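Heads up: the structure comes next, in structure tokens.
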Amino acid sequence: MTPAQLAKVLLVQACEEHDPDHKFILRYEREPPRHGNDPRDRTAAEDPMRAGEDRVIERAEHIVDRLTQKHPVFNSAFAALRIKIPVTLLIGCALVGGFLADPIGPTGHINLLNFPLLTLLLWNAVAYIGLFYSMVVPRPSRDRSQPGLPGLVEWLLGLVVKGRLSRLRSDRAQSPDEVQWIAASLASYAAHLLQSSRDLLITHARSLLHAAAAALAIGVIAGLYLRGFSFLYKAGWDSTFMEAEGVHMFLSFLFAPASWLLRVPMPGVEAIVELRGTARANAAIWIHFWAMTTILFIVLPRTLLAAAVWMRKTRLADAMHLPSNEPYFQRLLNPYRGKGLLVEVLAYSHRVKEGDDRLMTFLSDAFGVLADIHIGGSVQYGDRPPHLPDDQDRELCAVVMFNVAQAPEETHSEFLEELKATIRSSGRSNMLLVLLDCEAYAQIDHEKRLRERCQAWATLAKECGLQALRYRDPSGPSGGELQAIPSCLWPGDFRRV
């Protein structure tokens with residue numbers, strides 16, 4: 001999926017979510033016409049999920065064409081949110097800025113211990129340490145709320161997007177309801193687009209920062225050499241805490257790679273002693289050392305990092321996909337999901353009707369229409385888990401339903417632990433989902449008691465290493481059950497979405 005296709009899909013999502021009554025986008029406008037003997041029908045049989053995504057993209061393009069004809073402001077929104085960064089201009093500014101930044105000053109004296117290029121090296125060293133830390137420390141263990149480049153990029157882009165959208169004007173002939181719908185849809189679209197493109201935009205920003213850092217260093221070196229043709233630079237040093245031996249050791253360590261590459265030996269301690277005080281020795285050799293060190297430790301690493309991050313940005317752009325875990329896309333992709341999956345419902349000491357339409361609809365929405373959903377008989381209290389089907393051609397998801405009206409006990413924990421062991425021993429991508437049926441208890445007791453009982457069941461599941469999902473909870477948010485499923489599946493979400 002290309003970024004342009006994703007933008008259209010997200011715009012349609014925003015418009016439809018803010019138009020649940022089909023007031024502004026009519027029902028017949030939401031589906032493109034289908035033709036007989038469509039070759040995509042054969043693709044759907046072979047690869048349902050790919051066919052489903054293609055269908056969502058086709059549908060979005062069809063709706064966007066109608067939207068932009070009726071509401072030109074949406075066309076303007078595409079242009080407003082198409083953020084183009086002038087790469088050449090930014091790198092050129094860094095290069096010119098480095099050239100104009102005179103690191104020596106009008107006196108022409110170079111202090112070997114207080115040279116601005118040393119500050120530039122230290123700054124880049126800190127940046128490399130930060131990059132190494134981000135590679136070593138896993139992302140979930142880092143606090144996303146801490147300020148950093150991702151937060152700064154999101155904040156700046158948020159300001160740019162809000163500013164551009166605020167300048168868009170709707171047609172005066174539109175009704176107030178329509179104007180409100182357009183404004184809400186655009187705001188939601190911008191939020192969805194920034195969220196889906198977050199990694200891509202941050203990676204792009206990182207590549208530009210690496211390239212700009214390399215260009216800045218090149219500009220400083222170029223300016224240093226060009227000024228050296230017109231001015232006489234002299235080198236010296238002075239320090240309150242260091243003597244000539246310490247300065248020689250420090251400079252020998254700092255310039256060792258440059259000295260080896262240039263095949264120029266490092267001046268001895270006697271030469272360092274003579275440089276103390278007022279700068280009076282020719283600085284050419286020290287400029288060569290500083291330039292080569294800057295190339296080795298700033299220009300080359302930053303250029304390689306910029307190229308690597310740019311390649312990653314290209315891969316991210318090519319691998320963009322639908323946020324299929326969202327309820328909106330689950331509904332659209334539902335006819336194409338669930339192939340090769342068997343869902344076995346185990347009601348523990350709880351009776352569930354085989355023709356329970358609400359439960360079947362929920363499971364179909366969660367796992368897809370193509371999933372084979374089987375509601376087995378009730379498991380009696382104290383019984384061991386029944387034998388689960390072992391079909392090598394299909395994956396399995398065992399859905400255990402507990403009635404919240406019952407108090408959680410150790411017997412329930414033992415049942416879950418044994419069921420986990422059974423699923424783990426299969427060695428396949430099988431899953432386990434714990435459902436807490438709240439409907440019966442919600443009808444006979446107070447909301448507070450329901451919340452406390454659900455919390456007790458959730459604690460029991462957590463002690464077993466599981467996360468329980470509240471089902472038919474009247475106090476829960478609309479659509480919250482489907483959104484919570486990925487985090488509740490054990491040992492992971494292996495659904496083909």
Inset, instruction - Collect the residues in the range 412-433 that are modelled with pLDDT of 90 or more and outside any helix (DSSP H, G or I), keeping them in residue-number order. - result: M431, L432, L433
Legend entry - Residue tally, condition within 24 Å of the chain's Cα centre (by Cα), under 14 Å from V400 (Cα atoms) and modelled with pLDDT under 90, over the range 443-497: 1
Inset, instruction - Please state which one of L224, L194, L209, L251 is over 27 Å from E274 (Cα atoms), part of a helix (DSSP H, G or I), touching a residue at least 60 places away in the same chain (Cβ under 8 Å) and not basic (K, R). - result: L209
Inset, instruction - Would you point out the residue of the range 434-457, among those that are assigned to a helix (DSSP H, G or I) and without any contact (Cβ under 8 Å) to a residue 24 or more places away in the chain, that is farthest from P385 (Cα to Cα)? - result: K448
Inset, instruction - Assess whether A217 counts as being in a helix (DSSP H, G or I) and either closer than 24 Å to F99 by Cβ or over 28 Å from the mean Cα position of the chain (by Cα) (or both). - result: yes
Inset, instruction - Return yes when L432 is of a type in the set (A, V, I, L, M), under 22 Å from V352 (Cα atoms) and under 29 Å from the mean Cα position of the chain (by Cα) and no when it is not. - result: yes
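Could you list, in sequence order, the residues of the range 197-206 that are part of a helix (DSSP H, G or I) and of a type outside the set (D, E)?
As a first pass, look at the range 197-206 and keep what is part of a helix (DSSP H, G or I): 198-206.
Within the range 197-206, R198, L200, L201, I202, T203, H204, A205, R206 meet the criteria.
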Inset, instruction - Take the residues in the range 179-199 that are at pLDDT 85 or above and surrounded by fewer than 20 Cβ atoms within 10 Å (Cβ to Cβ), then tell me which one is farthest from A308 (Cα to Cα). - result: Q180
Legend entry - Leading residue by the ranking (nearest to the chain's Cα centre (by Cα)) among those in the range 7-25 that are closer than 16 Å to L332 by Cβ, of a type outside the set (D, E, K, R) and outside any loop (DSSP other than H, G, I, E, B): L10
Inset, instruction - Go through the residues of the range 227-236 one by one and say whether even a single one is part of a helix (DSSP H, G or I) and in contact (Cβ under 8 Å) with a residue 24 or more places away in the chain. - result: yes
Inset, instruction - Could you pull out every one of the helices (runs of 4 or more DSSP H) wholly within the range 277-370 that has 2 or more residues that are polar (S, T, N, Q) and modelled with pLDDT of 85 or more? - result: 284-294, 300-318, 357-367
Inset, instruction - Give me the pairs, please: first residue somewhere in the range 69-83 and part of a loop (DSSP other than H, G, I, E, B), second residue anywhere and modelled with pLDDT of 75 or more, beta-carbon distance under 7 Å, and either six or more positions apart or on two chains. - result: H71/I182; L81/A190; L81/L193
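The values are calculated or read from the model by the stated rules, or taken from the named source; none is laboratory data. For clarity, every value in this text was computed on a predicted model and none was experimentally measured. Because the Cβ atoms are built from the backbone with ideal geometry, glycine has one as well, and the counts that use them run over all protein chains shown.
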